[in-house]
Amino acid sequence: MKTTIEVDLKPFIVPNFAIEKDADGDTKGIKLSKLTPETLDKMCRDFTTSVFGKAGKQQPPTCVCK
């Protein structure tokens with residue numbers, strides 16, 4: 001016998017800052033509002049790729065709709 005149980009999941013926590021690391025290895029926060037849309041997009045895509053990789057899952061195809 002198989003059953004499915006539904007649970008409510010909290011969404012991932014969205015940070016307020018991106019972390020910058022300098023040549024000495026020191027870090028500081030940069031407000032997300034200071035980053036370009038392209039940088040935010042790349043960081044989000046990299047995060048998604050990392051999450052699926054950690055889960056051992058393949059990302060579903062995305063629709064490029066116009």
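The values are calculated or read from the model by the stated rules, or taken from the named source; none is laboratory data. All of these numbers come straight from a predicted model, not from anything done at the bench. With ideal geometry, Cβ positions are generated from the backbone for all residues, glycine too; neighbour counts draw on all protein chains shown.
Taking the stated definitions as given, is THR4 surrounded by fewer than 10 Cβ atoms within 10 Å (Cβ to Cβ), free of Cβ contacts under 8 Å to residues at least 60 places away in the same chain and of a type in the set (S, T, N, Q)? Write out each step before concluding.
Working: surrounded by fewer than 10 Cβ atoms within 10 Å (Cβ to Cβ): yes; free of Cβ contacts under 8 Å to residues at least 60 places away in the same chain: yes; of a type in the set (S, T, N, Q): yes.
Considered against the rule, which asks whether it is surrounded by fewer than 10 Cβ atoms within 10 Å (Cβ to Cβ), free of Cβ contacts under 8 Å to residues at least 60 places away in the same chain and of a type in the set (S, T, N, Q), THR4 comes out as yes.
Scanning for something touching an Asp or Glu at 6+ places or on another chain (Cβ under 8 Å) and modelled with pLDDT under 95, does the range 48-62 turn up at least one residue?
Within the range 48-62 (the criterion being touching an Asp or Glu at 6+ places or on another chain (Cβ under 8 Å) and modelled with pLDDT under 95), the answer is no, since none of the residues qualifies.
Taking the condition of being in contact with a Gly (Cβ under 8 Å, 6 or more places away or on another chain) and among the aromatic types (Phe, Trp, Tyr), how many residues in the range 1-56 meet it? Walk me through it before giving the result.
Kept after step one, since they are in contact with a Gly (Cβ under 8 Å, 6 or more places away or on another chain), are these residues of the range 1-56: 16-20.
Next, from what is left, pick out any that are among the aromatic types (Phe, Trp, Tyr): 17.
Qualifying residue count for the region: 1.
For the range 31-55, which positions are surrounded by 11 or more Cβ atoms within 10 Å (Cβ to Cβ) and among the small types (Gly, Ala, Ser)?
Across the range 31-55, the qualifying residue is only GLY53.
Name the single residue that is nearest to THR48 (Cα to Cα) among those in the range 14-23 being part of a loop (DSSP other than H, G, I, E, B) and modelled with pLDDT of 90 or more.
For the range 14-23, the residue satisfying everything is VAL14.
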